[in-house]
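Below: the structure, in structure tokens.
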Amino acid sequence: MAELISHKGRVVSVDQGKINVEIVSESACAACHAAGLCGMSESRKKIVEVPAPRGREFAVGQEVEVCLAPKTGLKAVLLSYVLPVMILLFLILSLPLIGLGELAGGLVAIGGVAVYYLILYFCKGRLAEGYEFFIRN
């Protein structure tokens, strides 16, 4: 079985049936000893809603490990990076062939990717159902 995608986090709130966990997402260079000097490292705090496992109690401030199956992580990469790049390349390469100028073609291509992200934004509720986080024992 493939390895799980996991992040360490801290329980922020516990409600019936769900636990809100704060995870810190760091860039790859955040662990570098010179990260504070170059200013290239970044970290962001995110709140993830996790279904509460049955038979386990959690307290606010408790350290936990939030996991996600690798298959769903690849799906997220596909939706957020791969498909928009494919749309952009397709439009940039095909629009000049039908007689549209380079500037207009580039603007339409950027607009096409913007429309794609807008569609993703409006479908985020349905998309979120496919990503289920869980707390590892």
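Tabulated results
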{"item": "Number of positions in the range 93-122 that are in contact with a helix residue (DSSP H, G or I) (Cβ under 8 Å, 6 or more places away or on another chain), free of Cβ contacts under 8 Å to residues at least 24 places away in the same chain and part of a helix (DSSP H, G or I)", "result": "7"}
{"item": "Gly73 among the small types (Gly, Ala, Ser) and either over 20 Å from Lys18 (Cβ atoms) or in contact (Cβ under 8 Å) with a residue 60 or more places away in the chain (or both)", "result": "yes"}
{"item": "Of the criteria (1) surrounded by 14 or more Cβ atoms within 10 Å (Cβ to Cβ); (2) of a type outside the set (D, E, K, R); (3) not in a strand (DSSP E or B), which one Val77 fails", "result": "(1)"}
{"item": "Sole residue being surrounded by fewer than 13 Cβ atoms within 10 Å (Cβ to Cβ), among the basic types (Lys, Arg) and either touching a strand residue (DSSP E or B) at 6+ places or on another chain (Cβ under 6 Å) or over 20 Å from Val77 (Cβ atoms) (or both), chosen from Arg136, Arg126", "result": "Arg136"}
{"item": "Output for the range 1-59, where each listed residue is within 26 Å of Gly125 (Cα to Cα), at pLDDT 75 or above and of a type in the set (Asp, Glu)", "result": "Asp15, Glu22, Glu49"}
{"item": "Residue list for the range 80-113, filter: of a type in the set (Val, Ile, Thr) and within 20 Å of the chain's Cα centre (by Cα)", "result": "Val82, Val85, Ile87, Val113"}
{"item": "Which listed residue, of Gly125, Gly55, Gly61, is touching a residue at least 24 places away in the same chain (Cβ under 8 Å), farther than 20 Å from Leu4 by Cβ and out of contact with any Leu (no Cβ under 9 Å at 6 or more places or on another chain)", "result": "Gly61"}
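The values are calculated or read from the model by the stated rules, or taken from the named source; none is laboratory data. Since we're looking at a predicted model, the values are computed, not measured. Every residue, glycine as well, gets a Cβ built from its backbone with ideal geometry; the counts of neighbours run over all protein chains shown.
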